[in-house]
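Presented below is the structure to which this report refers.
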Amino acid sequence: MIQAVGASAGVAIGKGFVLPNWEWELPEQRIGVADFAREFERVYEGIRTSKQEIELIRDELKDVVGADESTIFDAHLAILDDPVFMNEIEGIIQRQYKAAEVAVKEAIDHFVTMFDLLDDDYMKERALDIKDVGNRLLKHLLGAPEITLPSDTQPFILIAKELSPSQAAHLNPNHVLGIVTLGGSLTSHSAIMARALGIPLIVGVEGKLEEQLQTGQLIVMDGTDGKLYIDPDEEVIKRYSELQRVQNEQKHALHLIAGHKPETPDGKTLKLGANISSYKELEIALSSGAQGVGLFRTEFLYMDRSRFPKEEEQFEVYRDVAVRLDGAPLTIRTLDIGGDKQLDYFELPEEDNPFLGFRAIRISLERTDLFKTQLRAILRASHYGTVKVMYPLISSVDEVRAANAVMNEAKRELEREGKPFDKNLKIGVMIEVPAAVMIADLLAQEVDFFSIGTNDLVQFTLAVDRMNESIAHLYEPYHPSIIRMLKATVDAAKRHGTTVGVCGELAGDVKALPLWLGLDVDEISMSAHSILPVKERLLRTKQSDSRQLLPQLLECATSADIVAELMRFMANHDSTGKAS
């Protein structure tokens, strides 16, 4: 058994197909000065053809994986338009007297090597984008055929050194049972697309193989926990076949309750919202019974492109989601970049502690032009549904008032232009830093609702970088301090009539459900795949029992004690919500 990284959940059992690496035979002879113009024209023609192909792939993908995921290819188009990339190619042709295809290959290698040397996963993924774009351009310069997947109908598990977005775009979920890549990461474009397509994926296998994988070998893989078996014995096949069957049955059973009202046996209704970043995720969430969107991550509209999205582009996306929700609430978080979320076209300052630096609302209040553009788009979309807006990383009342001042300016502009919007648009803030918890009573007097972002709240409260593997064990969502901060926030909100929800990862953790019921929060919002498991538990958990549990949790001294109490609570309650 090989233990790697599970990047897209699910079990797959089948024969492997090894995708060949790109291999090119390049001309060795040098060119003369008289050939420069011809070689430049060959590059320009290759770029034109490559751009046409990329645009076609992008447009075809929109209906399959959603508009946001398909914008990966906007980044590829931007590379082909990048003057730095072109100058490098032209410089090699002119200075070294090399043919177009050799110049393109050397330019690719130069940028890929440069990015790979950076200790930054995001930049390493950009290296793969450059390689993908460059290989497409090389294919046209050399007249080489594209590497294709098996054309027969026998499903297979795809094995690749790395899977480019272009290759991932052509995957057919009916033929590809699963994917194994030697490199890659959880945040790679291929991982994003595999999850969107529902294909199990394991990454990071390189260095863990005793011998190379071969086409035709039988493989068992679990994309949930990253386990990979090559030529497994009958016992492993039997065990994972049973697990696959159980997972499929559980999925089917859970979908039967999608339309059920999210209500406890003793009558507490807890709204279950979805965290989304694309229209595609919205469809999955609604099919799981989501009662609206508790968090729309708008930063994904800004990523993988060459410029800031215009007001009209944003408005159309927000409007379409609001219309699709048909009156159900849509909570839009304003731009939250910085930290681990960077934009290729917006250079942020080098910082020793980027998570504590120039990010989120701090950028919006510095660049009020960008902020107002987004607020105008949100306001216009509010005419088409129940839209709410919330500001991220708030740590002071001053920030809320400054943000609202820009909001009011946007409202006045739209009124002068005669553009309709909801004049009673509700405004909220993310509670994700300790300072916000400590002044929650003051913030509650400024806004209509709170949304607790547990990911950052845990990180900042415990002083633990959640992206740092060496201290990952210190990231404890059930730390006693977190439970007490949650209670302080909810109590402050209730005293001032401010509604309160939770939208961090903890919201989708089934064992945390008694905590939310005990605190009496109004809404929890989570990824689409978490909604049904949480609803299933909600339907058989009494709020009265959860309220009795809360004082015990607040008295616990350690995270382990709190988790033990929650697990004991879940084990001791049957399907009727009564103690067993």
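Between residue 561 and residue 366, 0.36 nm times their residue separation minus their Cα-Cα distance comes to what?
Extending this stretch completely gives an extra 65.8 nm.
Descending by average beta-carbon neighbour count within 10 Å, the peptides 261-270, 314-323, 408-417 line up as 314-323, 261-270, 408-417, the highest first.
Taking the C-alpha atoms only, the angle from helix 559-571 to the longest principal axis of the chain is near 70 degrees.
Just order 457-465, 330-338 by mean Cβ neighbour count inside 10 Å, highest at the front, would you?
Result, highest mean first: 330-338, 457-465.
Across the chain, Cα pairs under 8 Å and at least six residues apart give a relative contact order of 14 percent. Structural descriptor for the stretch 224-331: relative contact order 20 percent, calculated from alpha carbon pairs under 8 angstrom and at least 6 residues apart.
Compared with the alpha-carbon gap, the fully stretched path from residue 484 to residue 537 is longer by 16.7 nm at 0.36 nm per residue.
Just to be sure I understand, if you calculate semi-axes √(5λ) of the Cα gyration tensor in Å for this structure, which of [x] 43, 32, 21; [y] 35, 32, 23; [z] 44, 24, 22 do you get? Recomputing semi-axes √(5λ) of the Cα gyration tensor in Å here gives the entry labelled [x].
The distance between label points at residue 246 and residue 34 comes to 7.6 nm (points 7 Å beyond Cα on the Cα→Cβ vector). Listed here are the pairs 139/208; 411/535; 227/511; 271/494; which of them are more than 28 Å apart at the Cα? Those over the limit are 139/208; 411/535.
Restricting attention to the chain, close to 30% of DSSP beta bridges with both partner residues there are antiparallel. Looking at the P(r) of the stretch 307-432, how many percent of alpha-carbon pairs lie beyond 18 Å? Percent of Cα pairs beyond 18 Å in the stretch 307-432: 53. Along the stretch 35-49 the Karplus relation, 6.51 cos²θ - 1.76 cosθ + 1.60 evaluated at θ = phi - 60°, assigns HN-Hα couplings of 8, 4, 4, 5, 5, 4, 5, 4, 5, 4, 5, x, 5, 4, 5 Hz to successive residues, with x for each Gly and Pro. Short-range pairs are left out: with C-alpha atoms under 8 Å and at least six residues apart, the relative contact order of the stretch 375-484 is 25 percent. Where both bridge residues fall in the stretch 260-571, DSSP classifies roughly 10% of the beta bridges as antiparallel.
For the pair residue 258 and residue 326 in one chain, pulling the backbone fully straight at 0.36 nm per residue adds 22.8 nm over the alpha carbon distance. Counted by Cβ distance under 10 Å from residue 329, the other residues give a net charge of +2, where Lys and Arg count +1 and Asp and Glu count -1. Here the stretch 80-112 and the stretch 469-504 have alpha carbon centers that stand 52 Å from each other. According to the square roots a ≥ b ≥ c of the eigenvalues of the Cα gyration tensor, what is the shape class of the stretch 443-567, taking rounded for a/c under 1.5, prolate for a/b larger than b/c otherwise, and oblate for the remainder? Judged from the Cα gyration tensor, the stretch 443-567 comes out rounded (a/c under 1.5).
For the stretch 299-377 versus the stretch 389-409, the inter-centroid distance based on Cα atoms is 14 Å. Each label was represented as a point 7 Å from its Cα along the Cα-to-Cβ direction; for residue 56 and residue 405 these points are 5.4 nm apart.
With θ taken as phi - 60° and the Karplus curve 6.51 cos²θ - 1.76 cosθ + 1.60 applied, the whole-hertz 3J(HN,Hα) list for the stretch 388-394 is 10, 10, 9, 9, x, 6, 6 Hz, x standing for glycine and proline.
Charged neighbours of residue 94, selected by a Cβ distance under 15 Å, balance to -1 (K, R count +1; D, E count -1). Look at 376, 305 and count the other Cβ atoms within 10 Å of each Cβ; fewest to most, that gives 305, 376. How large is Rg over Rh for the stretch 370-512, taking Rg from the Cα atoms and Rh as the Kirkwood inverse mean of 1/r across Cα pairs? With Rg and the Kirkwood Rh in hand, the quotient comes to 1.04. Using the rule -39500 (n - 2.57) for each DSSP H run of four or more residues, divided by the residues of the chain, the 222 nm mean residue ellipticity is -15000 deg cm²/dmol.
None of the figures in this text is laboratory data; all of them are computed from the coordinates on show. Everything numeric in this text was worked out from a predicted model, so none of it was measured. FYI the Cβ positions are ideal-geometry reconstructions off the backbone, even for glycines, and counts take in every protein chain you see.
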